[in-house]
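Enquirer: To start, I am sharing the structure in question, which I have written as structure tokens.
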Amino acid sequence: MTLRNLLLRAYPRSWRDEYGEELAGILAQKRLTFGAAADVLVNALRQHFHRDAPWKICGAGLALWFLMYRLAALFSHSRTFLLWYWSAGLLIVLAAGAWTAARSKAGILAAAAASAKAAVIGQAGVVVLYLLVLPWESAYSFQGRGIYYWALYTLAINLALSVVFGFAGALLGRSIARFRGSMDQPTRY
Amino acid sequence: MTAGPGADPELLILSSLAGGPKHGYAIMQEIAAFAGVELGPGTLYTAITRLVDEGWIEPLEASARQRPYRLTPGGLDHLRGQLEKMRQLASFGLRRLRTV
């Protein structure tokens with residue numbers, strides 16, 4: 001697979017079906033400089049933001065954030081650090097609900113579901129990390145409970161929180177949609 | 001892309017298509033010639049996507065890998081309106097400059 005094909009693959013499939021052939025034609029005619037490649041990648045990201053479901057984008061962002069935190073936690077355990085971890089994570093979950101409601105004028109339940117899905121996707125990386133670590137941590141015990149109990153407990157709490165934040169996000173998203181409707185502005189991307 | 005006044009990719013594409021239907025590569029070349037702006041391929045197609053979604057341009061029958069685009073009546077009105085605003089701004093600024 002050539003670099004040009006890889007760059008094209010960075011775009012969402014729906015966009016590629018519509019414009020991929022034309023962009024491939026232009027890339028074949030131009031010298032592929034670093035600037036041109038960066039331009040294609042940045043605009044591929046913009047198309048993902050425009051076309052992909054908000055829960056997928058927020059879920060990917062959350063997964064990245066959690067993994068970065070787990071790496072950073074190797075070096076710091078301060079309370080401020082933990083506060084950043086939780087507040088940023090919950091803000092991303094809130095954004096998934098708000099974005100869903102604002103973009104498609106979806107109902108509150110759909111927005112809350114989007115937040116919950118973003119939370120599940122976001123935690124997938126951490127779950128994999130846990131699965132890798134568990135064989136070495138099976139002797140872990142806190143308040144008489146093993147690591148499996150605490151892993152499920154954390155997941156349940158996170159999901160419940162994400163639904164609550166999804167509802168809040170939906171209300172926020174509806175207000176944004178109403179505000180944008182009153183401004184009567186075309187969507188820019 | 002070289003930044004500068006009038007370097008809005010969408011306006012540049014609409015201006016280029018005002019001269020007749022063209023495909024993406026021809027639009028890029030013409031913009032580089034008349035505005036001195038090098039649009040990146042990604043920037044060009046993000047702008048084309050938005051213009052199609054807004055209904056300001058429309059694709060024609062594809063020839064080989066390239067599909068030409070043409071201005072719609074709505075796109076023509078939009079371009080006219082935008083250029084008129086720019087003309088008003090330019091004449092206001094030039095009038096002010098004469099008093100400096």
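The values are calculated or read from the model by the stated rules, or taken from the named source; none is laboratory data. For clarity, every value in this text was computed on a predicted model and none was experimentally measured. Cβ coordinates were reconstructed from backbone atoms using ideal geometry, including for glycine residues, and neighbour counts include every protein chain displayed.
Enquirer: Report those helices (runs of 4 or more DSSP H) wholly inside the stretch A:16-90 carrying at least 2 residues which are closer than 23 Å to A:G122 by Cβ, modelled with pLDDT under 85 and small (G, A, S).
Expert: A:54-72
Enquirer: Okay, moving on. In the stretch B:49-75, what count of residues is obtained for those that are in a helix (DSSP H, G or I) and under 11 Å from the mean Cα position of the chain (by Cα)?
Expert: Within the stretch B:49-75, residues that are in a helix (DSSP H, G or I) and under 11 Å from the mean Cα position of the chain (by Cα) number 2.
Enquirer: To continue, here is another question. Looking only at the stretch B:43-77, which residues are more than 10 Å from chain A (Cβ to nearest Cβ), out of contact with any strand residue (DSSP E or B) (no Cβ under 8 Å at 6 or more places or on another chain) and not small (G, A, S)?
Expert: If the condition is that a residue be more than 10 Å from chain A (Cβ to nearest Cβ), out of contact with any strand residue (DSSP E or B) (no Cβ under 8 Å at 6 or more places or on another chain) and not small (G, A, S), then B:E61, B:P73, B:L76, B:D77 are the ones that fit.
Enquirer: More than 28 Å from A:V42 (Cβ to Cβ) and charged (D, E, K, R): which single residue out of B:R50, B:R95 fits that description?
Expert: B:R95
Enquirer: Looking at the stretch A:1-59, which of its residues are among the aromatic types (F, W, Y) and either facing another protein chain (nearest Cβ under 8 Å) or closer than 26 Å to A:S104 by Cβ (or both)?
Expert: The answer is A:Y11, A:W15, A:Y19, A:F49, A:W55.
Enquirer: To continue, here is another question. Which residue out of A:A118, A:A110, A:A102 is assigned to a helix (DSSP H, G or I) and within 20 Å of A:L67 (Cβ to Cβ)?
Expert: None of the other options fit; the residue is A:A118.
Enquirer: Okay, next question. Consider B:S91 carefully, then state whether it is surrounded by 12 or more Cβ atoms within 10 Å (Cβ to Cβ), farther than 24 Å from A:F34 by Cβ and away from chain A (no Cβ under 14 Å).
Expert: no
Enquirer: Tally up the residues in the stretch B:39-62 that are surrounded by 14 or more Cβ atoms within 10 Å (Cβ to Cβ), under 22 Å from A:A10 (Cβ atoms) and not polar (S, T, N, Q), please.
Expert: 11
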